[in-house]
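Heads up, the thing below is written out as structure tokens.
The values are calculated or read from the model by the stated rules, or taken from the named source; none is laboratory data. Here the structure is a predicted model, which is why all the values come from computation and not from measurement. Note: ideal-geometry Cβ built from the backbone for every residue, glycine included; neighbour counts use all protein chains shown. Accessible surface is based on the protein model in full, side chains and every heavy atom, while ligands, DNA and RNA are left aside. Shrake-Rupley method; radii C 1.70, N 1.55, O 1.52, S 1.80 Å.
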Amino acid sequence: MSYNALAFLIVIGLFLGMLLALAVGRYLGRRNISDETESARIRLTAVEAAIFGLMGLLIAFTFSGAASRYELRRQLIVDEANAIGTAYLRLDLLPAQAQPALREKFRRYLETRISVYRVLPDIEASYKQAAVATSLQQDIWAGVVAALGEAPPQATIVTVPALNQMFDVTTSRAIAAVTHTPVVVLFMLVLLGTACSLLAGYAMAGSGTRHVTLHTITFALVLTSTVYVILDLDYPRFGLIQLDFADQALLDLLARMK
């Protein structure tokens with residue numbers, strides 16, 4: 001099942017579940033409204049405030065975490081473009097006869113690195129491109145090491161660290177790509193959303209039908225939309241939120257290589 005289909009089912013399921021919880025809460029509230037004392041109502045209001053406050057905090061922290069990871073992924077793309085560009089420039093320090101073959105490998109490597117993430121959400125195709133990039137890393141390393149044997153010692157000092165940085169950033173991007181909001185946190189978000197819906201429905205028991213319908217749909221729609229945005233922000237390239245604008249740094253670098 002594709003990410004969009006799964007996210008759609010989760011959001012629709014949460015929306016319908018919240019509507020059901022609101023209806024159940026309103027039903028229970030209408031049954032007990034005449035039996036509640038003022039002190040009991042005050043205690044219930046305090047409980048509602050605590051649970052809604054916890055829900056707000058969880059949404060805020062979850063959204064903040066997803067936004068931070070999105071920004072980290074964007075920054076890592078820029079870091080990789082800078083690292084590849086620097087290593088490519090270091091080829092000028094190698095013997096002239098070794099440069100053409102290495103430059104061609106760099107171009108192929110960059111094309112493959114771009115494809116690793118542009119083929120998403122096809123995860124299998126992404127893994128295949130990543131394997132090709134790893135193989136090209138080994139070829140580039142072997143070629144550079146062989147060429148450094150005929151280059152001045154100063155070339156080794158600046159070329160090897162540049163290559164290491166170019167290779168290391170791929171690991172950082174791979175880990176960042178699979179780091180998401182823990183499932184337990186998402187489950188807690190759904191659970192709290194349902195609990196808040198139940199309490200909100202209970203609190204609206206004494207309101208008119210027209211206003212209840214408007215508030216019910218608005219509450220459920222806003223909360224489920226927020227959850228969807230958090231999911232989409234945490235899985236860029238799979239849904240509506242993308243990182244194609246950051247990939248332009250790699251595409252511009254590839255254009256300069258040709």
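Within the range 6-55, how many residues turn out to be open to solvent by 80 Å² or more (accessible area, probe 1.4 Å) and at pLDDT 85 or above? Working first, answer last.
So in the range 6-55, the residues open to solvent by 80 Å² or more (accessible area, probe 1.4 Å) come out as 6, 8-9, 16, 20, 27, 30-31, 33-35, 38, 42-43, 54.
Those left that are additionally at pLDDT 85 or above: 9, 16, 20, 54.
Count: 4.
May I ask you to verify whether L136 is open to solvent by less than 40 Å² (accessible area, probe 1.4 Å) and under 21 Å from A177 (Cβ atoms)? Before you say what the answer is, go through the steps one by one.
On the way: open to solvent by less than 40 Å² (accessible area, probe 1.4 Å): yes; under 21 Å from A177 (Cβ atoms): yes.
When the stated conditions are applied, L136 passes them.
Within the set Y127, Y109, the sole residue that is in a helix (DSSP H, G or I), closer than 22 Å to D168 by Cβ, touching a Leu at 6+ places or on another chain (Cβ under 6 Å) and of a type outside the set (A, V, I, L, M) turns out to be Y109.
Looking only at residues of the range 89-133 that are under 27 Å from V178 (Cα atoms), free of Cβ contacts under 8 Å to residues at least 12 places away in the same chain and not small (G, A, S), we find that the one that is most open to solvent (accessible area, probe 1.4 Å) is Y127.
In the set (1) assigned to a helix (DSSP H, G or I); (2) open to solvent by 70 Å² or more (accessible area, probe 1.4 Å); (3) at pLDDT below 95, the condition left unmet by E150 is number (1). Restricting attention to the range 218-258, the residues that are closer than 25 Å to L192 by Cβ and loosely packed, with under 14 Cβ neighbours inside 10 Å add up to 5. The set of residues in the range 56-69 that are open to solvent by 40 Å² or more (accessible area, probe 1.4 Å) and touching a residue at least 60 places away in the same chain (Cβ under 8 Å) comprises F63, R69.
Of the residues V145, V169, which is in a helix (DSSP H, G or I), open to solvent by 60 Å² or more (accessible area, probe 1.4 Å) and either within 19 Å of R107 (Cα to Cα) or not β-branched (V, I, T) (or both)?
On the way: V169 fails: open to solvent by 60 Å² or more (accessible area, probe 1.4 Å).
Going through V145, V169 in turn, the sole match is V145.
At least 2 residues being over 19 Å from the mean Cα position of the chain (by Cα) and within 30 Å of S115 (Cβ to Cβ) is the threshold, and among the helices (runs of 4 or more DSSP H) wholly inside the range 182-258 those reaching it are 244-257.
Figure legend. Inter-residue proximity from the range 1-21: first residues closer than 20 Å to P236 by Cα and assigned to a helix (DSSP H, G or I), second residues open to solvent by 40 Å² or more (accessible area, probe 1.4 Å) and modelled with pLDDT under 80, beta-carbon distance below 9 Å, spacing 6+ or different chains. Indicated pairs: L9/M1. Checked against the criterion of being modelled with pLDDT of 90 or more and farther than 28 Å from L94 by Cβ, the candidates D247, D168 yield just one match: D247.
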